[in-house]
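Presented below is the structure to which this report refers.
Read the figures in this text as sums done on the coordinates, not as results from a lab. Everything numeric here is computed off the predicted structure, so don't read it as measured data. All Cβ positions, glycine included, derive from the backbone under ideal geometry; neighbour counts span all protein chains shown.
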Amino acid sequence: MLKVRIWGDRGSIPCPGKDTVIYGGNTSCVEIRADEKLIIIDFGTGIKPLGDWLMANDFKKGPIDADIFISHTHWDHIMGFPMFTPLFLPTTKLRIRGPVSYEDETLEQIIGAQLTYRYWPIRISELSAHIEYAQIKETSLDLGNGLWVTTKYLNHPILCLGYRFEYRGKSIVTAYDNEPFRNLFPTDPADPSYDEDAAREGETVVKEENEKLLRFFQGADVLIHDSQYTAEEYKNHLGWGHSSFEHAINAANKAEVKKLILFHHDPNRTDAQMEKLEAAYKTRIAGKTSMQVMMAREGLVVEA
């Protein structure tokens, strides 16, 4: 069985409070289970309740052993690392993989920089767990027992990877943080900077890159996709590295995805607003696609 559970689904910054009880206020953290094998995507603040749950449940059966994949190293995706309780157990085994934008620092150094005395009372050298770090790019990896992961670069201000997990004919894909590719060259002939060849080449490249992402999503049983903005809001956030609800839904539908989880919610979005948006988008697509669409919320479990 391949299934996913959401532990944190907010973008940018944690937003706990009375207005985020239903959908949650923790930043990105997703748990995937391929039968008993544990995979974690991102060390956002949702890793804290996940760690507590693992200690209360998995630890009773034996040491914690997990493959952890970091989408990218922006703070909201790694800030929960120091509060992950299994780090302090010598029996814990973690394999942490992810992209690095600046080659002068390793993945371990970037994540571990949070555990210095200027920020935290415990240093990374004091952690008891056995941790292996690996910088990865676009690749495919055999995680054992028939589980494979394929990675794909997304469109974000720093290197960011999407992950496609495949297990016994089922697949779960993550795509956060991600913005649709767009032509950065002027396309209006009246623009003083317009260059016909550059504009044409830009359109070609954009089409190719967006089609690569659709192939990466193709036929996924579950796709977890960035949808921080509405289409109207997105116009004011070009280049920030995030998608609209409309783009995520359209891309998933084109790729014949079976279940779409809308993810990386804006921290200013209240539960009431989220409920209204979820109902509106479900109504908009009703009868037009067989794809199931749902908002990510903490505690949500979806089987591939």
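Evaluated on the range 95-144, the Kirkwood hydrodynamic radius is 12.4 Å, with distances taken between all distinct Cα atoms. Over the residues of the chain, the helix contribution to mean residue ellipticity at 222 nm works out to -6500 deg cm²/dmol, using -39500 (n - 2.57) for each DSSP H run of at least 4.
Cα centroid separation, the range 67-137 to the range 224-252: 29 Å. Take every DSSP beta bridge whose two residues both sit in the range 2-303; close to 50 percent of them are antiparallel.
For the range 54-180, the alpha carbon positions stretch 40, 37, 21 Å along the principal axes, listed from largest to smallest.
Applying both filters, DSSP loop and at most 16 other Cβ atoms within 10 Å, to the trypsin sites (Lys or Arg not before Pro) of the range 3-74 gives 61.
The orientation-averaged projection of the convex hull spanning the C-alpha atoms of the range 222-304 amounts to 5.7 square nanometres. What residue among 257, 149, 205 shows peak mean-square fluctuation when the chain is described by a Gaussian network model with Cα springs under 10 Å? Its mean-square fluctuation being the largest, the pick is 205.
This model, with +1 at the C-beta of Lys and Arg and -1 at the C-beta of Asp and Glu, gives the chain a dipole about its Cα centre of some 1220 debye. The C-alpha radius of gyration of the chain, expressed as a fraction of 2.2 N^0.38 Å, stands at 1.01.
Taking Cα centre as origin and charging only the Cβ of basic (Lys, Arg, +1) and acidic (Asp, Glu, -1) residues, the dipole magnitude of the range 234-279 rounds to 140 debye.
For residue 214, project a label point 7 Å along Cα to C-beta. Then give me every residue of the range 235-266 with its amide nitrogen under 11 Å of that point. Inside the label zone: 251-256. A straight chain from residue 116 to residue 284 at 0.36 nm per residue would run longer than the Cα-Cα distance by 55.6 nm.
Across the range 1-131, Cα-Cα pairs farther apart than 19 Å form 49% of the total. Straight-line cross-link reach from residue 254 at under 17 Å between alpha-carbon atoms covers these aspartates and glutamates, not counting any fewer than eight positions away in the same chain: 179, 208, 209, 211, 221, 226, 246.
Compare 50, 213, 238 in a GNM of the chain, Cα atoms joined below 10 Å, and give the one with the largest fluctuation. Maximum among the listed residues: 238.
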